[in-house]
Amino acid sequence: AGVMILDILPDGFILESCSRTYEYGSIFIGRLTAGGSASVDIVCRANATGLFVNVARVDSKDYDWNPSNDQDESNVFVNPACDLEVVKLVNVSSPNYGDLVEWTVKVYNHGPDEAHDVVVSDVLPEGLIFDSSSSRSYDERTGVWNVGTLINGGSASLDIVCRVNATGLIVNVASVSGREHDYNKSNNKCNRTILVPKATELEVIKFSNDTFVNYGQLVK
């Protein structure tokens, strides 16, 4: 009679639901017949990384002649995780044909763990000719920027200068990835556009039918 389970969730887990009433780690089962059993499902959201131990203990109003099995535990290992974000900016949104524009790519690690093997892909679209970049780790041929390691809360920035070689709408896309599990992929990609007005190169040529003429003579 009065069977009660005590299962306090370890730090790093957030209770989502329980198949029975769960109050401050206590779950009331009530009466169990001889040979009877009861089951409880507790759904939690992992909110931290690392190794966690979850302990459950049972008690009742009656004498328990074998207390050795009144407690049990289960371990769970939450893999390292990071929230990588990439942001892309451009210094001129409507440049002219032939102008130089500067793209800025910023990558952030919102944690909770350190990010390794962080790579940003920024392949320049047709209409942009590479001029220079602020980092030697950016390969303009492949569009790959090897950022490497970013600590929790860390960031890195890259500037890419290009010459505009087309008119119309030009879209430049950047994406980021890393070794660790990324639990928020909605910010792994960012794009910026520039609108290049129509352009022409007008040329005028002038010549005459005669370079030495007399006074009063017609010249074409």
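The values are calculated or read from the model by the stated rules, or taken from the named source; none is laboratory data. What you see is a predicted model; the values in this text were computed from it and never measured. Neighbour counts run over all protein chains shown; Cβ positions are idealised from the backbone, glycine included. Keep in mind that these areas ignore ligands, DNA and RNA; they rest on the heavy atoms of the full protein, side chains included. Shrake-Rupley method; radii C 1.70, N 1.55, O 1.52, S 1.80 Å.
Points worth noting:
- Taking a straight line from the alpha carbon of Lys189, these aspartates and glutamates sit under 16 Å away, with near neighbours fewer than eight places off in the same chain left out: Asp83, Glu85, Asp122.
- Only the Cβ atoms of Lys and Arg (+1) and of Asp and Glu (-1) were treated as charged; on that basis the dipole of region 76-189 about its Cα centre amounts to roughly 140 debye.
- Euclidean distance of C-alpha centroids, region 123-181 and region 53-112, integer Å: 26
- Sulfur and carbon atoms: percent of accessible area, the chain [1.4 Å]: 50
- Dipole in debye (nearest 20) - the chain, about Cα centre, beta carbon charges: Lys, Arg +1; Asp, Glu -1: 960
- Among 2-9, 78-85, 105-112, 18-25, the order from most to least packed when residues are scored by Cβ within 10 Å on average: 105-112, 78-85, 2-9, 18-25
- Note on region 1-60: with charges restricted to the Cβ of Lys and Arg (+1) and Asp and Glu (-1), its dipole about the Cα centre is near 140 debye.
- Rg/Rh (Cα only; Kirkwood hydrodynamic radius) as it applies to region 137-177: 1.04
- Less than 5 angstrom separates the built amide H of Leu128 from those of Asn165, all sequence-distant by 5 or more or on a different chain.
- Dipole of region 104-220, positive end: most advanced residue of Gly168, Val213, Ile194 [Cβ charges, Cα centre]: Val213
- Taking every alpha-carbon pair in region 73-164 and binning the separations at 5 Å intervals from zero gives 3, 13, 21, 19, 14, 11, 7, 5, 3, 2, 1, 1, 0, 0 percent.
- With contacts taken as Cα pairs under 8 Å and at least 6 residues apart, the chain reaches a relative contact order of 19 percent.
- As computed over region 138-220, the Cα convex hull volume per residue (Å³): 185
- Theoretical FRET efficiency, 1/(1+(r/R0)^6), r = Cβ-Cβ of Asp139 and Asp159, R0 22 Å, to 0.05: 0.90
- Listed residues Ala115, Ala48, Asn75: farthest to the positive end of the dipole of region 47-119 (Cβ charges): Ala115
- Heavy atoms of the protein chains alone define the surface here; on that basis region 79-140 has 49 Å² accessible area per residue at 1.4 Å probe size.
- Unit charges at the beta carbon, dipole of the chain: most positive-side option, Cys18, Gly143, Leu32: Gly143
- Considering all C-alpha pairs of the chain, those separated by over 21 Å amount to 70%.
- Computed from backbone phi with θ = phi - 60° and the Karplus coefficients 6.51, -1.76 and 1.60, the 3J(HN,Hα) list for region 165-173 is 10, 7, 10, x, 8, 10, 10, 10, 10 Hz; x is used for glycine and proline.
- Taken over the Cα atoms of region 24-76, the convex hull encloses 110 Å³ per residue.
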